[in-house]
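Report on the following structure.
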Amino acid sequence: MSEVSARTGINLGVAPVTYGTGDRPPRGNYARARSDYTCEQDHSTYTEAEHDTYRRLYARQLQQLPGLACDEFISAVRQLGAPDRIPRFEDVSERLMKATGWQIVGVPGLIPEEAFFALLAERRFPVTDWMRKPEEFDYVVEPDIFHDLFGHVPLLFNPAFAHYMQAYGAGGLKAGRLDACELLARLYWYTVEFGLIDTPEGLRAYGAGILSSAGELRHSVTASGPRRVAFDLRRLMRSRYRIDSYQASYFVIDSFEQLFEATAPDFTPVYAAVRARIAADGLVEAGAVLADEREFEVRAAQGS
Ligand SMILES: [Fe+2]
């Protein structure tokens, strides 16, 4: 770990080396960030090529949404503003504030967990302010402005999901004190990033990692390979996940209210129970289905 501590959440002007196992520090100019890691979005510095990358990414994802993304996402995505220019964060925040009391704030890139949790707990969602390079059009290693904005922000217009995200941040601050961030990270991964929701029309995606991905959106909802089982907090907290390929497992919620209610109670006893279960039985591998679990059937998606 660098001199920047994941625990203090104080920006010392260099990228935090707190995520993943790579030896390359996160991209982004951390010297411009404030002590809470937020920074001004300097909208005038985006080049026409960067606006064009945004426009092309947006168009590609938008045409895939019907039949694959949840209705709550589809109805809110236009709130991001004109699809042909990188939005101004302050414009999106103005609309978001009216809808759910959230705002978005610029950050130079990945930030330490505690700083991230603190922002969520204050209903401030950190959005990376840089755009991927054209050669990264199909895949970018770290979250860029397109992933953060297009993937994450539309659902913050949904009141139940907005509550969940704030509660997650508050829970994260507490998890840091309980040394349970790894367990909580699995919850984030399998819900906020790669979650599916069951609807009368069939499974739909709500996770940002899926919704901002060119290929995983259709794969997650329609492919026969991955396993899809019902959301279960304790099961999910002991499940491994993949960071370098499409997910082998997806967890399915019934509603955003279910997600909020399941994660509202104090997690202290949950962490203890999950730790005991991991000690006894180990982690569950990605792609595994347990004996008592029912898999969701895949139905042909509309619009495909
Ligand atoms: Fe994300």
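The values are calculated or read from the model by the stated rules, or taken from the named source; none is laboratory data. The structure presented is a predicted model; accordingly, all values stated were derived computationally and were not measured. Ideal geometry is used to build each Cβ from the backbone, glycine not excepted, and the neighbour counts take in all protein chains shown. In case anyone asks, the SASA skips ligands and DNA or RNA and just uses the protein heavy atoms, side chains included. Shrake-Rupley method; radii C 1.70, N 1.55, O 1.52, S 1.80 Å.
Can you compute 3J(HN,Hα) from phi for each residue in segment 204-219, using the Karplus curve 6.51 cos²θ - 1.76 cosθ + 1.60 with θ = phi - 60°, rounded to whole Hz and x for Gly and Pro?
Calculated HN-Hα couplings, in order: 9, 8, 10, x, 5, x, 6, 5, 9, 9, 5, x, 6, 4, 5, 4 Hz.
Keeping every protein chain in place, order Arg56, Arg78 by accessible area at 1.4 Å, biggest value first, i.e. largest first.
Arg78, Arg56
Treating the Cα atoms of segment 20-71 as identical point scatterers in vacuum, please give the log10 of the normalised Debye intensity I(q)/I(0) at q = 0.14, 0.17, 0.21, 0.31 Å⁻¹, two decimals.
The computed values of log10 I(q)/I(0) come out as -0.71, -0.88, -0.92, -1.12.
In whole Hz, with x marking every Gly and Pro, tabulate ³J(HN,Hα) for segment 103-110 from phi via Karplus 6.51 cos²θ - 1.76 cosθ + 1.60, θ = phi - 60°.
With coefficients 6.51, -1.76 and 1.60, one gets 9, 10, 10, x, 9, x, x, 4 Hz.
Hey, got the Cα dimensions of segment 50-166 along the principal axes, in Å, largest first?
Extents along the principal axes: 35, 32, 24 Å.
Roughly what % antiparallel, to the nearest 5, for the DSSP beta bridges in segment 168-304?
40 percent
Give the accessible area for Met165 in Å² (nearest 10); use a 1.4 Å probe, count only protein heavy atoms, and leave out ligands, DNA and RNA.
The value for Met165 is about 0 Å².
Per-residue HN-Hα couplings for segment 233-242, Karplus 6.51 cos²θ - 1.76 cosθ + 1.60 at θ = phi - 60°, whole Hz, x for Gly and Pro?
Computed from phi, the couplings for segment 233-242 are 3, 6, 5, 5, 6, 10, 9, 5, 9, 9 Hz.
Could you state how much accessible area Glu216 has, in square angstrom rounded to the nearest 10, with a 1.4 Å probe and all protein chains kept in place?
Its heavy atoms expose roughly 10 Å² to the probe.
Once the principal axes of the Cα atoms of segment 123-203 are found, what is the range along each, listed largest first in whole angstroms?
41, 38, 21
Quick query: amide H of Ala223 versus all other amide H atoms, modeled in the peptide plane; which residues come in under 5 Å with a sequence gap of 5 or more or a different chain?
HN-HN under 5 Å from Ala223: empty list.
What accessible area per residue comes out for the chain, rounded to a whole number of Å², with a 1.4 Å probe?
45 Å²
Computed on alpha carbon atoms, what radius of gyration and Dmax characterise segment 148-283, expressed in Å?
Cα only, segment 148-283: 14.6, 42 Å (Rg, Dmax).
With a 1.4 Å probe and all protein chains in place, put Glu182, Glu72 in order of accessible area, largest first.
Descending order: Glu182, Glu72.
Choose one answer from Ile278, Ile210, Ile111: the residue with the largest mean-square fluctuation in a GNM of the chain with alpha-carbon springs under 10 Å.
Ile278
Which residue fluctuates most in the GNM of the chain (Cα springs below 10 Å): Ser245, Ser224, Ser35?
Evaluated over the chain, the most mobile residue of the options is Ser245.
What accessible surface, in Å², does a 1.4 Å probe find on Arg85, ignoring ligands, DNA and RNA and rounding to the nearest 10?
Near enough 90 Å² of accessible area.
In whole percent, how big is the carbon plus sulfur part of the accessible area of the chain, probe 1.4 Å, protein atoms only?
Roughly 51 percent of what the probe reaches on the chain is carbon or sulfur.
Please name whichever of Met131, His43, Ala276 sits farthest to the positive end of the charge dipole of the chain, dipole taken about the Cα centre and charges placed at Cβ: Lys and Arg +1, Asp and Glu -1.
Ala276
State the three equivalent ellipsoid semi-axes of the chain, derived from the C-alpha gyration tensor as the square roots of 5 times its eigenvalues, in descending order and whole Å.
Result for the chain: semi-axes of 28, 25, 18 Å.
To the nearest 20 Debye, how big is the dipole of the chain about its Cα centre, given +1 on the beta carbon of each Lys and Arg and -1 on that of each Asp and Glu?
220 debye
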